[in-house]
Amino acid sequence: PEESGASRSLLGRLFSRPGPGPVLRRTLDDEMLEQLEELLIAADMGVDTALRVTSNIAEGRIGRKLSSAEIKALLAAEITRIMEPVARPMPLYPKRPQVVLVVGVNGSGKTTTIGKLASQFKSAGKKVVIAAGDTFRAAAVEQLQVWGDRAGVPVLTAPEGSDPASLAFDAMTRAQADGADLLLIDTAGRLQNRADLMEELAKIVRVIRKKDDTAPHNTLLVLDATTGQNAVSQVETFQKLADVSGLVMTKLDGTAKGGILVSLADRFGLPIHAIGVGEQIDDLAPFDPKDFAAALTG
Ligand code: GDP
């Protein structure tokens, strides 16, 4: 296994010494706890979560000699405990079409995630329609069409600069007429003008509710794991802009080990529906807390 990632090198440092060979056991004292805290903060877990995790590990164990493997196991158990409640696949409701609004900043992986989701549902025998709702980015629309072709799913588009809500309305009409199971709606990710974006998202929701007053059934926020603690403010922002119901964390295949997910889970408790683990169409995986904790603790 690779040795990259702040968590690994730091956990290694916790048990290394100047001479040859690692320290086999270390007394759990204030110094070690402080180092452990630093390690968790450096791994993007955020200060509050790092403090809580560390104090849970310390409880009843101060003064004990622990091995690196024991610390790892305690840490993995703490992380798993935080992550288990949020590891939930996207809920599906008995509605046709299921409407999934996909939000997130540009570059987070929205387009790619929509392509992957479309492919997954299509492979499961579902009829899927995509609406290219980021009508201001011609490149995004083109890219979505490429993904639609790959997945074998129709992508509804509108001329550049046209109203995304009117595209969403047309897409609802088409998806209902076709008896589609799933409608995935891409949205703009320009945070430069939040008031505009908020109005845009609100209008999309308003018009699709004219066709189904329970829609959208899911509002997925796509986050890029490599942005670290930035993800916290993105969740806060998008919760104000839309009724976020779940998260997809992309780019967990890179060096980012996703400590930020622990921070988000601890702070917001939003379900994590899936993780992006690559740029290919099949690179969308369910979120598994145990595997995740094992990868994070190294
Ligand atoms: P959007 O602007 O939010 O629609 O983002 P895109 O879907 O265009 O993705 C931005 C970049 O991130 C592209 O180069 C994607 O190939 C890449 N990307 C998206 N998801 C993942 C992932 O899970 N892993 C990796 N390694 N790259 C990803």
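The values are calculated or read from the model by the stated rules, or taken from the named source; none is laboratory data. Quick caveat, the model's predicted, so the values are computed rather than measured. Methodologically, a virtual Cβ is constructed for each residue, glycine included, from the backbone with ideal geometry; neighbour enumeration extends over all protein chains shown. Surface areas here come from the heavy atoms of the whole protein model, side chains and all, with no ligands, DNA or RNA. Shrake-Rupley method; radii C 1.70, N 1.55, O 1.52, S 1.80 Å.
Points to keep in mind about this one:
- Residues satisfying the criterion are absent from the stretch 267-286 (criterion: more than 21 Å from residue 112 (Cα to Cα) and buried (at least 22 other Cβ atoms within 10 Å of the Cβ)).
- Cβ-Cβ contacts under 8 Å between residues 6 or more apart (or on different chains), taken from a first residue in the stretch 65-86 that is crowded, with 18+ Cβ neighbours inside 10 Å to a second residue that is acidic (Asp, Glu), are listed as 82/266.
Residues are listed down the side, and each one gets a yes or a no for (1) within 26 Å of the chain's Cα centre (by Cα); (2) open to solvent by less than 30 Å² (accessible area, probe 1.4 Å):
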{"residue": "154", "(1), (2)": "yes, no"}
{"residue": "158", "(1), (2)": "no, yes"}
{"residue": "201", "(1), (2)": "yes, yes"}
{"residue": "204", "(1), (2)": "yes, yes"}
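- Within the stretch 107-129, considering residues that are in a loop (DSSP other than H, G, I, E, B) and away from the ligand (no atom under 14 Å from the Cβ), the one most open to solvent (accessible area, probe 1.4 Å): 127
- Residue count for the stretch 278-293 satisfying the condition of being more than 13 Å from the ligand (Cβ to nearest atom) and under 16 Å from the mean Cα position of the chain (by Cα): 6.
- Matching entry among 296, 191, 184 (being more than 14 Å from the chain's Cα centre (by Cα), within 15 Å of the ligand (Cβ to nearest atom) and more than 29 Å from residue 122 (Cβ to Cβ)): 191
- 2 or more residues among the β-branched types (Val, Ile, Thr) and closer than 24 Å to residue 265 by Cβ: qualifying helices (runs of 4 or more DSSP H) within the stretch 1-102: 47-58, 68-83
- Of all the numbered requirements in (1) at positive phi; (2) surrounded by fewer than 24 Cβ atoms within 10 Å (Cβ to Cβ); (3) near the ligand (Cβ under 8 Å from one of its atoms), residue 104 misses one, and that requirement is (2).
- Residues (small (Gly, Ala, Ser) and either without any contact (Cβ under 8 Å) to a residue 40 or more places away in the chain or within 15 Å of the ligand (Cβ to nearest atom) (or both)) located in the stretch 215-241: 225, 231, 233
- Residues located in the stretch 250-277, provided they are charged (D, E, K, R), within 10 Å of the ligand (Cβ to nearest atom) and in contact (Cβ under 8 Å) with a residue 60 or more places away in the chain: 251
- Exclusive hit being basic (Lys, Arg) and touching a Leu at 6+ places or on another chain (Cβ under 9 Å), set 126, 95: 126
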